[in-house]
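Colleague: Dropping the structure in here first, questions after.
The values are calculated or read from the model by the stated rules, or taken from the named source; none is laboratory data. Here the structure is a predicted model, which means the values were calculated and not measured. Every residue, glycine as well, gets a Cβ built from its backbone with ideal geometry; the counts of neighbours run over all protein chains shown. When the accessible area is computed, the model is the full protein with side chains, heavy atoms only, and any ligands, DNA or RNA have been set aside. Shrake-Rupley method; radii C 1.70, N 1.55, O 1.52, S 1.80 Å.
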Amino acid sequence: MKTEYEKMLSGEVYNAIDEELLKDLNYCKDLCWEYNQIRPTLIRERNGKLHEILGKCDDDTFINQPFFCDYGKHIRVGKRFFANFNFTVLDEALVTIGDDCFIGPNVNIYTACHSTDPVERNSRQEWALPVTIGDNCWIGGSTTILPGVTIGDNVTIGAGSVVVKDIPSGCIVVGNPARVIKKV
């Protein structure tokens, strides 16, 4: 029998208020709080804390404070990753971001899914779908990326966009919902 954690990572419906999941969530909240309290000019200390929070990052990973995530360990960022202020990742599923990606301020990445039926939603049963972002992407400020989305390489997403479906490589997308406006 699978644990609720195993169900969550495999995309199955799971109990979001499972005791072990809540323990992991609270552990990560504490790590994020600690990260957000580090003096901004103490780059080495900040990066060390990011290594504790994230599943994968390098010594050039830079995330402006504040930064928020649910589990942290499900987030994998590539080389030379940069995220601006108020980066929020609900990483109930894997979030994989490639090399040389830049994230504008107030960007949100969501993997958690909830039923539209109020009775089901109130049962605290949910599921999660991974998000993947390729190499050399720029995600404009106040963009939201929804569960299950894959974004190709060399993509620019305009500020304020809501990405609800996969985006092919080599294009510029904008809007709500985000749509391709130019191939590059």
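Colleague: Return the long-range amide H neighbours of Gly152 (sequence gap of 5 or more, or a different chain), with a cut-off of under 5 Å between placed amide H atoms.
Modeller: Gly134, Ile167, Ser169
Colleague: Carbon and sulfur together cover what percent of the accessible area of the chain at a 1.4 Å probe radius? Numbers along the way, then the final one.
Modeller: On the way: 5100 of 9380 Å².
Answer for the chain is 54 percent, counting heavy atoms of protein chains only.
Colleague: Can you give me the long-range amide H partners of Ile109? Hydrogens built in the peptide plane at 1.01 Å from N, cutoff under 5 Å, separation of 5 or more residues or another chain.
Modeller: The list, which skips near neighbours in sequence, is Thr88, Val89, Leu90, Ile145.
Colleague: Order Trp33, Trp138, Trp127 by their accessible area, 1.4 angstrom probe, all chains in place, largest first.
Modeller: Details: Trp33 160, Trp138 105, Trp127 80 Å².
Result of the area sort, largest leading: Trp33, Trp138, Trp127.
Colleague: Note down the accessible area of Leu9, probe 1.4 Å, to the nearest 10 Å².
Modeller: 70 Å²
Colleague: Okay, helix-only estimate at 222 nm for the chain: each DSSP H run of n ≥ 4 adds -39500 (n - 2.57), divide by all residues, round to 500 deg cm²/dmol; what do you get?
Modeller: Numbers: 4 runs with 41 residues, N = 184.
Value at 222 nm, helices only: -6500 deg cm²/dmol.
Colleague: Right, another one. When a/c is below 1.5 the answer is rounded, else prolate if a/b is larger than b/c, else oblate, so apply that to the stretch 131-184 with a ≥ b ≥ c taken from the square roots of the Cα gyration tensor eigenvalues. Don't skip to the end; give the middle numbers.
Modeller: Working: a/c = 1.41, a/b = 1.11, b/c = 1.27.
Rounded is the answer for the stretch 131-184, as its axis ratio a/c remains below 1.5.
Colleague: Next question, about the same structure. Once a ≥ b ≥ c are taken as the square roots of the eigenvalues of the Cα gyration tensor of the chain, is the result rounded (a/c under 1.5), prolate (a/b larger than b/c) or oblate (a/b not larger than b/c)?
Modeller: On the way: a/c = 1.89, a/b = 1.11, b/c = 1.70.
It comes out oblate by the Cα gyration axes.
Colleague: Where Lys and Arg each count +1 and Asp and Glu each count -1, what net charge lies around Cys28 among other residues with Cβ under 14 Å from its Cβ? List each step's numbers first, then the result.
Modeller: Details: positive: Lys23, Lys29, Lys49, Lys73; negative: Glu20, Asp24, Asp30, Glu34, Glu52, Asp70, Asp91, Glu92.
Once all neighbours under 14 Å are counted, the net charge is -4.
Colleague: Hey, which of these cross-link pairs are over 27 Å Cα-Cα: Lys2/Lys23; Lys23/Lys79; Lys73/Lys182; Lys56/Lys165?
Modeller: Violating the 27 Å Cα-Cα cut-off are Lys23/Lys79; Lys73/Lys182.
Colleague: Next up: I'd like the Karplus ³J(HN,Hα) series for the stretch 90-103: coefficients 6.51, -1.76, 1.60, θ = phi - 60°, whole numbers in Hz, and an x wherever there's a Gly or Pro.
Modeller: These are the phi-based 3J(HN,Hα) values: 8, 9, 5, 10, 5, 10, 10, 10, x, 6, 6, 9, 10, 10 Hz.
Colleague: Can you compute 3J(HN,Hα) from phi for each residue in the stretch 160-172, using the Karplus curve 6.51 cos²θ - 1.76 cosθ + 1.60 with θ = phi - 60°, rounded to whole Hz and x for Gly and Pro?
Modeller: Whole-Hz 3J(HN,Hα) from phi for the stretch 160-172: x, 6, 10, 8, 10, 9, 4, 10, x, 5, x, 8, 10.
Colleague: Turning to a different aspect of this structure: If the elastic network links every pair of Cα atoms under 10 Å, which of Gly140, Gly148, Gly48 fluctuates the most in the Gaussian network model of the chain?
Modeller: Maximum among the listed residues: Gly48.
Colleague: Specify whether the C-alpha gyration tensor of the stretch 55-106 places it in the rounded, prolate or oblate class, a ≥ b ≥ c being the square roots of the eigenvalues: rounded for a/c under 1.5, otherwise prolate if a/b is larger than b/c and oblate if not. Write down the numbers at each step before the final one.
Modeller: On the way: a/c = 1.73, a/b = 1.07, b/c = 1.61.
Cα axes put the stretch 55-106 in the oblate bin.
Colleague: Nearest 0.05, what FRET efficiency do Asp166 and Gln65 give at R0 = 22 Å with Cβ-Cβ as r? Don't skip to the end; give the middle numbers.
Modeller: Values: r = 31 Å, r/R0 = 1.40.
Approximately 0.10, to the nearest 0.05.
Colleague: Hey, what's the chain come to in accessible area per residue, 1.4 Å probe, Å²?
Modeller: Numbers: 9380 Å² over 184 residues.
On a per-residue basis, 51 Å².
Colleague: Quick one: compute the contact order of the chain, relative version, from alpha carbon pairs under 8 angstrom and 6+ residues apart, as a percent. Don't skip to the end; give the middle numbers.
Modeller: Values: 476 pairs, mean separation 26.5, N = 184.
Here the relative contact order equals 14 percent.
Colleague: Step through the residues of the stretch 21-28 one at a time and calculate ³J(HN,Hα) from phi using the Karplus curve (6.51 cos²θ - 1.76 cosθ + 1.60, θ = phi - 60°), rounding each to whole Hz and writing x for Gly and Pro.
Modeller: Result, rounded to whole Hz: 5, 5, 4, 5, 4, 5, 4, 5.
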